[in-house]
Amino acid sequence: LLTKYSTDTKDNRRFRRLKTQVILSRRVAVALVITVAVACVLLTIPQVRALGAGILASAGVLSVGAGLALQGSLTNVFAGMQLAFTDAIRVDDVVVVEKQWGTVEEITMTYVVVHIWDDRRLILPSTYF
């Protein structure tokens, strides 16, 4: 998909937007496929299947507890997805963070890597942006 767009144009905003979205979508898809594959493998074991039925019966209580425990992580995940799909920032954008200027090198679901002008990398949580 990314090979269809030219990177040698002066204004490559569309390519950078698509690149950011494709990278994040790929990571979500890989995580989803791995989760489903592990679940399918584990469901072939009868004892695990019985355990899964018990966990599913108490899923409401577990989801509330897990939601409270993972609140900070989930906040960063949703902020990362929002950054990628709303064009707030894109890969290769020039930004000023913490009184330093640099380019956005990578956007993940939980953090953003900014390549600072003096060859350092500043890793900030997605909620910072």
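The values are calculated or read from the model by the stated rules, or taken from the named source; none is laboratory data. Quantities reported herein were computed from a predicted structural model and do not represent experimental measurements. Note: ideal-geometry Cβ built from the backbone for every residue, glycine included; neighbour counts use all protein chains shown. Accessible surface areas use protein heavy atoms only, side chains included; no ligands, DNA or RNA. Shrake-Rupley method; radii C 1.70, N 1.55, O 1.52, S 1.80 Å.
If G54 passes every condition in (1) open to solvent by 50 Å² or more (accessible area, probe 1.4 Å); (2) assigned to a helix (DSSP H, G or I); (3) more than 30 Å from L122 (Cα to Cα) but one, which one does it miss? Here G54 meets the rest and fails (1). If only residues of region 74-86 that are closer than 14 Å to I23 by Cα and surrounded by fewer than 15 Cβ atoms within 10 Å (Cβ to Cβ) are counted, the one that is modelled with the highest pLDDT is Q82.
The single condition from (1) farther than 14 Å from T20 by Cα; (2) under 14 Å from the mean Cα position of the chain (by Cα) that V94 fails is (2).
Test of understanding: among A31, A79, which residue is touching a residue at least 40 places away in the same chain (Cβ under 8 Å), out of contact with any Leu (no Cβ under 9 Å at 6 or more places or on another chain) and either in a helix (DSSP H, G or I) or under 30 Å from R14 (Cβ atoms) (or both)? It is A79.
Of the residues making up region 97-117, those that are of a type outside the set (A, V, I, L, M), more than 16 Å from R17 (Cα to Cα) and in contact with a helix residue (DSSP H, G or I) (Cβ under 8 Å, 6 or more places away or on another chain) are T110, Y111. Scoring V48 on the criteria (1) in a helix (DSSP H, G or I); (2) within 28 Å of S25 (Cβ to Cβ); (3) β-branched (V, I, T) leaves a single failure, condition (2).
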